[in-house]
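Below is one structure, written out as structure tokens; comments come after it.
The values are calculated or read from the model by the stated rules, or taken from the named source; none is laboratory data. Computed from a prediction, not measured in an experiment: that's the story for all the values here. Here Cβ is always computed from backbone atoms with ideal geometry, including for glycine, and neighbour counts include all displayed protein chains.
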Amino acid sequence: MGEMLAGGVDLVEVGLPYSDPLMDGAAIQDAVQIALSEGTTTEDVLAVVESLALRDEQAAVVMSYWNPIERFGLERFVDRMVAAGGSGVITPDLTPEEAGPWIAATDFAGIDRTFLVAPSSTDARIEKVARACTGFVYAASTMGVTGARDQVSSAAPALVARVRDRTKAPIGVGLGVSSSDQAAGIASYADGVIVGSAFVRRILDADDIGAARASVRAFAEELAEGVRRPVESIPAAAN
């Protein structure tokens, strides 16, 4: 994660491993199983957040399914997030209707909340989710699980436009990003480009920790170049 930040990532997402990662594809499932077999705990994840050397323009969030937070204790979790310097939490399987205590706790602590919308979300649903978000809105570009793809779903621009009509919050697009051209295309209409599986796969495929660091740093730099590329230089096919 330090290499990601040094390579130009603006916001790092620290995943909390969970035994039933229903939204995640093969790469993250493999990483989760390794983490759990090595005894990774919620405290370990929060310690990672605390250890990150963030610059002024960078931030760290935790992404977690709801069960680990509930078992840890939501007030305790929020307190530890504040102490660790984390800025927010993404909860992919928690809906606003079921998030009353979570909303109250994060409001009190000043921790941002991020919920998800998908291409299948109705306009009314998007509005409800966007109102519940205090960080950014996570726009899932596809109905499938996470995983790097050759092309990002063509539904993403329309989904972002629908969200944009209903909130002033930043909108991040994720699920499937694996190249700088894809990142450039998304950055031309969204506020953030979310990349997970493609980073994880580089770590899983590396021969050793040194190779993993080098691969992650190079990929972060590649994505950062794409995100910051002038819009007029982005090929139409990338949008």
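Going by the conditions given, is F108 of a type outside the set (A, V, I, L, M) and in contact with a Pro (Cβ under 8 Å, 6 or more places away or on another chain)? So F108 does not fit the description; no. The criterion of being surrounded by fewer than 20 Cβ atoms within 10 Å (Cβ to Cβ) and in contact with a helix residue (DSSP H, G or I) (Cβ under 7 Å, 6 or more places away or on another chain) does not hold for S197. Of the candidates G73, G39, the single residue that is closer than 24 Å to I209 by Cβ and either at pLDDT 95 or above or more than 15 Å from the chain's Cα centre (by Cα) (or both) is G39.
From the list A118, A84, A99, A130, pick out the single residue that is in contact (Cβ under 8 Å) with a residue 40 or more places away in the chain and touching a Ser or Thr at 6+ places or on another chain (Cβ under 9 Å).
A118
State all residues of segment 182-234 that are of a type in the set (D, E, K, R), more than 21 Å from A161 (Cβ to Cβ) and part of a helix (DSSP H, G or I); if no residue qualifies, say none. Answer for segment 182-234, where residues must be of a type in the set (D, E, K, R), more than 21 Å from A161 (Cβ to Cβ) and part of a helix (DSSP H, G or I): R201, R202, D205, R213, R217, E221, E222, E225. Restricting attention to segment 224-234, the residues that are under 12 Å from G185 (Cβ atoms) and modelled with pLDDT of 85 or more total 3. Which residue pairs have Cβ atoms under 9 Å apart, sit 6 or more places apart or on different chains, and have a first residue in segment 27-56 that is free of Cβ contacts under 8 Å to residues at least 24 places away in the same chain and a second that is surrounded by fewer than 13 Cβ atoms within 10 Å (Cβ to Cβ) and assigned to a loop (DSSP other than H, G, I, E, B)? Partner pairs satisfying both residue conditions: V32/S19; Q33/S19; L36/S19.
When residues of segment 110-127 are filtered for being exposed (fewer than 14 other Cβ atoms within 10 Å of the Cβ) and at pLDDT 95 or above, how many remain?
Residues flagged as exposed (fewer than 14 other Cβ atoms within 10 Å of the Cβ) and at pLDDT 95 or above within segment 110-127 amount to 4.
Would you mind stating whether A31 is in a helix (DSSP H, G or I) and of a type in the set (G, A, S)? Answer is yes for this residue. Test A218 against the stated conditions and say whether it is loosely packed, with under 15 Cβ neighbours inside 10 Å, in contact (Cβ under 8 Å) with a residue 40 or more places away in the chain and small (G, A, S). It is true that A218 is loosely packed, with under 15 Cβ neighbours inside 10 Å, in contact (Cβ under 8 Å) with a residue 40 or more places away in the chain and small (G, A, S). Of the residues making up segment 7-26, just one is in contact with a helix residue (DSSP H, G or I) (Cβ under 7 Å, 6 or more places away or on another chain) and surrounded by fewer than 16 Cβ atoms within 10 Å (Cβ to Cβ), namely S19. Looking at A53, is it within 22 Å of I28 (Cβ to Cβ), of a type in the set (G, A, S) and at pLDDT below 95? So A53 does not fit the description; no.
If you check F108, F115, which single one turns out to be within 15 Å of A169 (Cα to Cα) and of a type in the set (F, W, Y)?
Being within 15 Å of A169 (Cα to Cα) and of a type in the set (F, W, Y) holds for just one of F108, F115, which is F115.
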